[in-house]
Structures are given as structure tokens and as C-alpha cells.
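Some notes on the structure that comes next.
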Amino acid sequence: MEKEEMEKQKTKVVTKSAIRFSNFFTKIKVLANKVLFPDDIKCCFCGVDIPNFDERPYCDRCAKTLPFNVGHKCVICDQPIESEAIVCDFCQKEKRYFKKAFCPFLYEGAVKKTILAFKDNNQRYRAKAFAKIISNCLSDIKIDFVTYIPMTDKKQKKRSFNQSQLLAEEIAKILQKPVYSCFEKRRDLKAQKNLTYRQRREALVGTYTLKQVKLKKTDNVLLVDDVITTCATVGYCSGLLYPKVNNIYVCAIARETFKGKNERKDL
């Protein structure tokens with residue numbers, strides 16, 4: 001019994017040492033990124049030096065090829081639409097609890113590659129540039145506080161940060177507004193890629209809950225996510241806030257055109 005207990009203690013020590021080493025390595029990696037890629041002098045897409053980061057955090061060469069979301073699009077959800085309508089099919093048939101979405105890019109090409117690097121390769125330094133680009137879209141709206149789509153504790157520990165929270169904090173600095181953690185995510189969902197909008201929405205029930213936060217009916221809220229595809233997630237969380245605040249706006253770095261199965265039949 002004593003031998004087994006000693007082995008257990010050794011295992012705990014090794015595990016704690018591994019966690020400490022992993023955290024130390026992550027900090028070194030973040031510091032190295034800051035040194036190699038300062039977040040206020042380089043293009044956030046290709047890394048070349050630029051003279052006017054505060055005005056535009058990307059270079060002239062990238063500006064010519066980036067997929068900006070500037071075409072004909074829905075006035076509510078920012079989804080590109082091919083018809084002459086000003087509101088997309090989804091927003092015509094589904095109640096939107098948010099007033100308007102702001103997504104400066106389409107989720108493709110260099111933008112998609114950079115967002116994935118930001119999220120999956122711990123490139124947190126990109127958040128400042130993305131926040132600057134998003135905030136440039138928000139000049140005509142009134143915001144009282146900023147919030148964000150949360151992760152489960154398990155997933156956040158694995159990634160070491162929540163990209164939506166980091167974006168929200170950087171946007172809030174620019175807007176000079178507070179950031180509140182309004183939601184809790186209780187479970188991770190399975191891959192949503194091949195699900196219809198209705199299936200995605202049903203899967204969200206009970207996934208997010210509203211925390212006990214002080215809200216006022218006069219509050220205008222900005223809800224931040226990294227990428228918006230169907231608006232299912234931001235729509236669900238907006239619905240939790242809707243009875244307690246004045247207006248809800250949502251934003252993300254990019255808007256992905258929804259290509260789920262039976263898209264038209266499942267509006």
C-alpha cells in the first residue's frame with residue numbers, strides 16, 4: 001500500500017511539473033511572438049512593416065486582395081446576398097434578437113488563414129489589429145458595454161485563451177467601454193459543419209446560460225465572436241440578453257457564407 005501511495009505521489013508531481021512546463025513554454029511562445037511580430041507596426045496578414053497601423057493595420061499589397069465584406073449584403077446579419085433584397089431569407093423568416101451584425105471580412109483566403117493562426121497557433125498579437133478593423137465599423141452606434149461568446153473551461157484551458165474574449169477586450173479599449181462576462185458555456189458541441197441551421201439552433205439549447213450580472217434596460221450591448229456563419233450562436237446568446245437590455249449589436253472578424261445541407265428548406 002505504501003508503495004502504491006508513493007507511486008501516486010510521484011505521478012502527481014510529474015503531472016504538475018508537466019503543466020508548469022507547458023505554461024512556461026506558452027508564455028515564452030507568446031513573448032517571442034510579441035518580439036518577432038509587434039502588434040502595432042506590422043501588417044496583421046503578411047507581417048511587413050507599415051507606417052500607419054492606427055489608421056489601417058494591414059499593408060497596401062494585402063488591401064488589394066483581402067476579401068472585404070463590402071458587397072450587397074443583409075442589413076441585419078451582414079450576410080452577402082445575390083438578390084436585390086436588403087434583408088436575407090434567414091432574417092426575413094427568423095426573429096433576430098440583435099439589431100445588426102458587423103463583419104468587415106468574408107471568411108476566406110488570407111483572412112481565414114490568419115484567423116485560424118490567431119485561434120489555433122496562439123497568435124494573440126493579432127487581436128489588436130482585428131479589433132481595430134472591427135471598431136472602424138462601429139462608429140455610428142452607441143455602446144454601453146462589450147461582452148463575448150464564452151468557451152467551456154475545458155476548451156479554454158486546452159487553448160489557453162478565448163479568442164472572442166481577447167477581441168472583446170481589445171475592442172473595449174478602443175471604444176473606452178467596460179467588458180462584462182455575461183454568459184457561461186456548459187458543454188462543447190459536436191462538429192456543426194454539416195448541420196442545417198435548425199439543427200444548429202436546437203443543439204444550442206441549454207449550452208449557454210446567462211450569468212447573474214447587473215443589466216439595465218437602457219444598455220446597448222456589443223456581443224463579440226470571431227467568425228459568424230449562421231448567426232445561431234450569437235442569435236441564441238442575444239436571445240438570453242434581449243429581455244434585459246435596450247439594443248444588442250454583434251460583431252466578428254469575418255462572415256462565412258452558410259453552406260449547410262438543406263439550407264433553403266430549413267430556413
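Among (1) more than 30 Å from LYS42 (Cβ to Cβ); (2) in contact with a Phe, Trp or Tyr (Cβ under 7 Å, 6 or more places away or on another chain); (3) not polar (S, T, N, Q), there is one condition VAL111 misses while meeting the rest; what is its number?
All conditions pass for VAL111, except number (1).
Of the residues that make up the range 193-213, is at least one out of contact with any His (no Cβ under 8 Å at 6 or more places or on another chain), modelled with pLDDT of 90 or more and over 25 Å from LYS95 (Cβ atoms)?
yes
Just checking, does the range 187-199 include any residue being in contact (Cβ under 8 Å) with a residue 60 or more places away in the chain, closer than 19 Å to LYS119 by Cβ and among the hydroxyl-bearing types (Ser, Thr, Tyr)?
no
So, in the range 241-257, of the ones that are hydrophobic (A, V, I, L, M, F, W, C) and part of a loop (DSSP other than H, G, I, E, B), which residue ends up nearest to ILE228 (Cα to Cα)?
Selected residue: ALA252.
Quick one: how many residues across the range 182-236 are assigned to a loop (DSSP other than H, G, I, E, B) and among the charged types (D, E, K, R)?
12
Residue by residue, here is whether (1) hydroxyl-bearing (Ser, Thr, Tyr); (2) surrounded by 17 or more Cβ atoms within 10 Å (Cβ to Cβ); (3) free of Cβ contacts under 8 Å to residues at least 60 places away in the same chain holds:
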| residue | (1), (2), (3) |
| --- | --- |
| ARG159 | no, no, yes |
| GLN165 | no, yes, yes |
| GLU170 | no, yes, yes |
| THR207 | yes, yes, yes |
| LEU210 | no, no, yes |
| LEU215 | no, yes, yes |
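Identify all residues within the range 45-85 that are small (Gly, Ala, Ser) and either modelled with pLDDT under 95 or assigned to a loop (DSSP other than H, G, I, E, B) (or both); write none if there are none.
Of everything in the range 45-85, those that are small (Gly, Ala, Ser) and either modelled with pLDDT under 95 or assigned to a loop (DSSP other than H, G, I, E, B) (or both) turn out to be GLY47, GLY71, SER83, ALA85.
Could you tell me whether any residue of the range 184-205 is within 17 Å of the chain's Cα centre (by Cα), hydroxyl-bearing (Ser, Thr, Tyr) and surrounded by 13 or more Cβ atoms within 10 Å (Cβ to Cβ)?
The answer is no; no qualifying residue exists.
Suppose we filter the range 129-151 for residues that are under 14 Å from the mean Cα position of the chain (by Cα) and in a loop (DSSP other than H, G, I, E, B); how many remain?
3
What are the residues in the range 186-209 that are under 30 Å from ILE141 (Cα atoms) and touching a Lys or Arg at 6+ places or on another chain (Cβ under 8 Å), if any?
THR207, TYR208, THR209
The values are calculated or read from the model by the stated rules, or taken from the named source; none is laboratory data. All values derive from a computational prediction rather than experimental measurement. Counting neighbours? That spans all protein chains shown, and the Cβs are built from the backbone with ideal geometry, glycine included.
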